[in-house]
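These notes concern the structure reproduced below.
The values are calculated or read from the model by the stated rules, or taken from the named source; none is laboratory data. What you see is a predicted model, and the numbers here were worked out from it, not measured in a lab. Cβ placement follows ideal geometry from the backbone for every residue including glycine, while neighbour counts extend to all protein chains displayed.
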Ligand code: DOR
């Protein structure tokens, strides 16, 4: 059985100890005298539970020119992740048990992170007929999260049925909240003074807010679990806050880019900043930060959305939506909110809570004896200057290129096996 000894790590920034790992489990914490096959000097480093991403686009099958399960898994491990939820908007769409098992099996074979497929809510993401929700749930892939992400389940009746259906097996519907009559797919940036000046079709915040409001009422009516994907406006935060106060079973995620980048970056028409939902004004960013700090927003999720050059390097209106984010998620969060969140807050928002939302039993566990050794080692004071060409993702649509951030992932372990680091 292979053994690892992590020497002198700061556990969630709270206390310093050695951590001894054997057979994929944490066996001992304290002053450990046993030696191991691999010894890691973790002096000055923070040890966290492995990160869990609720929202990753791996693009395989269908768009292996943008990302594959292998390259996405490598990027995830480099970002400190030990599990990712792979979105369903692949080609073909993950809307059957076979399709879900295909992605799941690829992830298992590669073994760098636990890849858990998200199942589509509707067949072909068309928003009309429910996909094979029950069969996907019962499949080897054990799907628990369902989403038409990239598209909104706009029809209230379909959304209601999906919520009712997933309740039977403890599933959750993760909604891409975008009312298509208020923000059609051609809408490519936040609707406001700047979109008018740039002559770009706008995507108003209210198009998100009306769907969030409708869905929390559907969640209340059905008694089911709703998850709001990539929440982006202060108004949505208000609705989620209200819903939680009523005891409605709703959770929400925010992306690292919506915690830092603002709509004024679009002034140069650079498509790297084109994302859905769009970058919002500073007031929204501020509200999202507060919501993450007070727990209204439960989790950070990357919405890692790799795109091939020939899909992204276009005039702004024609370029694909999305930005990569697996490798920079933790440094962005730590740079923006580290002081207020602390490492315990980071572990909660990026590991424990997303694992709970997704129903991943062996992930997001505390760093304690007997737990699976899904671990991430971080240098909390190192600065990194992001270079998109050093990324392990296949795609280069990286909005952080050239930025300096604080916090560097030093190593990642999946059940005791190093998946990233020296
Ligand atoms: O920017 C985005 N890109 N937002 C989404 O919802 C979908 C994603 C993608 O698949 O590229």
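The residues of the range 178-194 that are touching a residue at least 40 places away in the same chain (Cβ under 8 Å) and assigned to a helix (DSSP H, G or I) amount to a single one, 194. Every listed requirement among (1) more than 14 Å from the ligand (Cβ to nearest atom); (2) touching a helix residue (DSSP H, G or I) at 6+ places or on another chain (Cβ under 9 Å); (3) touching a residue at least 40 places away in the same chain (Cβ under 8 Å) is met by residue 361 save one, (3).
Scanning the range 164-177 for residues that are away from the ligand (no atom under 16 Å from the Cβ) and part of a loop (DSSP other than H, G, I, E, B), we see that the one that is surrounded by the most Cβ atoms within 10 Å (Cβ to Cβ) is 171.
Within the range 292-313, being within 16 Å of the ligand (Cβ to nearest atom) and part of a helix (DSSP H, G or I) holds for 309, 310, 311, 312.
Scanning the range 201-247 for residues that are part of a strand (DSSP E or B), under 21 Å from the mean Cα position of the chain (by Cα) and within 16 Å of the ligand (Cβ to nearest atom), which turns out surrounded by the fewest Cβ atoms within 10 Å (Cβ to Cβ)?
Looking at residues that are part of a strand (DSSP E or B), under 21 Å from the mean Cα position of the chain (by Cα) and within 16 Å of the ligand (Cβ to nearest atom), I get 227.
Take the conditions (1) crowded, with 24+ Cβ neighbours inside 10 Å; (2) within 11 Å of the ligand (Cβ to nearest atom); (3) over 12 Å from residue 395 (Cα atoms); residue 319 misses just one of them, which is (1).
Of all residues in the range 275-291, those satisfying the criterion of being outside any helix (DSSP H, G or I) and under 18 Å from the mean Cα position of the chain (by Cα) are 275, 276, 277, 278, 279.
Residues of the range 55-71 include none that is surrounded by 21 or more Cβ atoms within 10 Å (Cβ to Cβ) and away from the ligand (no atom under 16 Å from the Cβ).
Sort through 140, 161 and tell me the only one that's more than 28 Å from residue 202 (Cα to Cα), modelled with pLDDT of 95 or more, away from the ligand (no atom under 16 Å from the Cβ) and in a loop (DSSP other than H, G, I, E, B). So that I can check it myself, show each step before the final result.
Working: 161 fails: in a loop (DSSP other than H, G, I, E, B).
None of the others qualify; the one that does is 140.
Of the listed requirements (1) within 16 Å of the ligand (Cβ to nearest atom); (2) assigned to a helix (DSSP H, G or I); (3) farther than 24 Å from residue 194 by Cα, residue 252 misses just one: (2). Can you pull out the residues in the range 180-200 that are at pLDDT 95 or above, within 15 Å of the ligand (Cβ to nearest atom) and surrounded by fewer than 18 Cβ atoms within 10 Å (Cβ to Cβ)? Hit for the range 180-200 is 180, nothing else.
Residue 89 meets each of the listed conditions (1) assigned to a loop (DSSP other than H, G, I, E, B); (2) closer than 30 Å to residue 379 by Cα apart from (2). For the range 98-122, residues that are surrounded by fewer than 24 Cβ atoms within 10 Å (Cβ to Cβ) and part of a strand (DSSP E or B) total 0. Within the range 141-177, being free of Cβ contacts under 8 Å to residues at least 40 places away in the same chain and over 21 Å from the mean Cα position of the chain (by Cα) holds for 155, 157, 158, 161, 165, 168, 169. What residue, of 44, 13, is surrounded by fewer than 16 Cβ atoms within 10 Å (Cβ to Cβ), within 31 Å of the chain's Cα centre (by Cα) and either closer than 25 Å to residue 353 by Cα or at pLDDT 95 or above (or both)? 44 is the lone residue from the list that is surrounded by fewer than 16 Cβ atoms within 10 Å (Cβ to Cβ), within 31 Å of the chain's Cα centre (by Cα) and either closer than 25 Å to residue 353 by Cα or at pLDDT 95 or above (or both).
Within the range 72-93, the set of residues being crowded, with 24+ Cβ neighbours inside 10 Å and within 17 Å of residue 414 (Cα to Cα) comprises 72, 73, 75, 76, 77, 79, 80, 81, 82, 83, 84, 85. Against the test of being touching a residue at least 60 places away in the same chain (Cβ under 8 Å), under 18 Å from residue 328 (Cα atoms) and over 17 Å from the mean Cα position of the chain (by Cα), the options 342, 370 yield a single qualifying residue, 342. Given the criteria in contact (Cβ under 8 Å) with a residue 12 or more places away in the chain, within 14 Å of the ligand (Cβ to nearest atom) and surrounded by fewer than 22 Cβ atoms within 10 Å (Cβ to Cβ), does residue 272 qualify? Criteria met by residue 272.
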